[in-house]
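Please treat every number below as a calculation from the coordinates, not as lab data. Everything numeric here is computed off the predicted structure, so don't read it as measured data. All Cβ positions, glycine included, derive from the backbone under ideal geometry; neighbour counts span all protein chains shown.
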Amino acid sequence: MDPISIKPETLMITALSEEGEGIGRLDGMAVFVPGVLPGETVECLLVEQKKNYARGRLTRVLTASPSRVSPPCPYFPECGGCQLQHLDYPGQLEAKRVTVQDALERIGGFKGVDVPLTLGMAEPFRYRNNGQYHIRRVNGRVRIGFFKAGTHEVIDIADCLIQPEINSRVVAVVRDWAESTGVSTYNPKTQEGILRHLMIRHSNVTGGLMVVLVATSKTLQGSDALVERLRGEVSGIESIVLNTNTKPGGQVLGPQNKVLYGNERILGELDGFHFGISPLSFFQVNTEQTRVLYQKAVEFAGLSGGETVFDVYSGIGTISLSLSRQAQKVYGIESVRPAVEDAVENAKRAGLDHVEFIAGRAEDVMPRLAEQGVRPDVVVLDPPRKGCEPEVLRTLLDMKPEKIVYVSCKPSTLARDLKVLCGGGESGLEAAAYELVAVQPVDLFGGTGHVETCVLLSLVVSPKSSGSL
């Protein structure tokens, strides 16, 4: 992006945004600058200016943070996959803690909340079990990699440091095959071309790999040769799948899979349970830190064995199964039917008959269960980045479970939803139904600005008070 100012502006960076950008102020206006750290004084050129904020491009660090390090990745900061590789890992954990604290105070209106240090990983590299790569042909050469920061231009990546090393071998084989066959790659502007994406998933049970080729067609010319090359040149291949995605836009996968080799699923393990993972399954990308996150959720739930638990946005049942060991009954509620089908199979594989999965919107399913006399003692929420639907929050305020455990992947939407549940937002129902008891950030995405947060809410209004459910 071309600068809109010729003269560099000097900024004192005071914080990091949720996206890992530095925040400074210029004449009272917030300026977001990638690649800088709190406590630094920097020069930047303004590249975008809106009514209430601006964006800058770093030109010089005048005073560096003691936590600044040389980024280990040769593609940083050009690649948009990571935002914080210039910050040492203890600094990353503190920055994420501050991000959560700031969201709760600024958006949620909470004061004096004790947010402890983010729970970090032993090794903040090579942690992803799922890599999704874009494929483009540029000037006749095939690129397989990730988007350049702030653009849809694909950077050719030989080795990504947050992916397993073996991914680089898969990428090299697919790139060489695409070059030699001349297969067309998808152009999002013209919506023409065949090969769109490459996805590589890993099993922490067998150590095997699933390779998914995403294309606009149901067949891929030359795929037999690619299958043979992958099997011959990459160890541990358990599954090769052709996924068809004909829709324009940024969604990586389409609804249809064709198995080219092996099975359509690999196995993942969490908390001693095995989960069947298809190309379309949502499974947290950092298995070891997901254990930490879910253990915290179970701890916050404080189950004694006699409780009924609703797991809302339950996906393929990962949290539901973890809760099942200490609950009398668990209901997993999920709107995506294929995920529910996977969850049912996962519970069956584990031999659990007190875990039930229901397909539907939580705001519809929960009142229906209440009409049948089913009331939750504890509700666990694990929504996508956009947070909970307002109807879900209203239903919870009317149902009044004794505890709510909220597992969040975006601090701002977490704080927004907690404001409603704890009485500071427009709920349309009685205020101050819940109090915020505990907060714990967990790092699942080293090198990036993303942070997961587990929160415990406790009911302060009597469960016997009025309500329509």
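What the table below lists for this structure:
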| quantity | calculated |
| --- | --- |
| Residues of the stretch 114-152 with amide N under 18 Å of a point placed 7 Å along Cα→Cβ from D176 | 141-145 |
| Value of D in µm² per second that Stokes-Einstein yields for the stretch 232-306, Kirkwood Rh from Cα pairs, at 25 °C (0.890 mPa s) | 160 |
| In Hz, Karplus ³J(HN,Hα) per residue of the stretch 81-97 (6.51, -1.76, 1.60; θ = phi - 60°; x = Gly, Pro) | x, 10, 10, 10, 6, 8, 10, 4, 5, x, x, 4, 5, 5, 4, 5, 4 |
| Sites T246 and D224 - FRET efficiency at Förster radius 35 Å, r taken between beta-carbons, to 0.05 | 0.95 |
| Cross-link reach list, lysines versus K419, counting only Cα pairs under 18 Å and skipping chain neighbours closer than eight places | K111, K386, K400, K403, K410 |
| Total formal charge among the other residues, if their Cβ is under 15 angstrom from that of R137, Lys/Arg +1 and Asp/Glu -1 | +1 |
| Helix-only mean residue ellipticity at 222 nm for the chain, each DSSP H run of n ≥ 4 adding -39500 (n - 2.57), per residue, nearest 500 | -7500 deg cm²/dmol |
| Karplus-derived 3J(HN,Hα), 6.51/-1.76/1.60, for each residue of the stretch 188-199, Hz, glycine and proline x | x, 6, 8, 6, 10, x, 10, 7, 10, 9, 10, 10 |
| Top positive-direction residue, dipole computed over the stretch 1-68 with Cβ charges, set L45, G35, I13 | L45 |
| Those residues of the stretch 285-307 whose amide nitrogen sits under 13 Å from the label point placed on K329, 7 Å along Cα→Cβ | 306-307 |
| Three-way shape label, the chain, alpha-carbon gyration tensor, a/c 1.5 | oblate |
| Charge-dipole axis of the chain as Lys and Arg at +1 and Asp and Glu at -1 on Cβ define it, positive-most pick from G222, V340, A350 | G222 |
| Gain on full stretching of the segment that runs from Q132 to Q295 - 0.36 nm per residue minus C-alpha separation | 56.0 nm |
| Local electrostatic count, I200, Cβ distance below 11 Å [Lys/Arg +1, Asp/Glu -1] | +3 |
| Dipole of the stretch 233-290, positive end: most advanced residue of T287, L253, L267 [Cβ charges, Cα centre] | L253 |
| Length released on extending from N257 to M29, taking residue separation times 0.36 nm less the Cα-Cα span | 77.2 nm |
| Neighbour-count order for V439, V344, fewest beta carbons within 10 angstrom listed first | V344, V439 |
| P(r) of the stretch 1-68 over all Cα-Cα pairs, binned every 5 Å from zero, in whole percent | 4, 20, 33, 27, 12, 4, 0 |
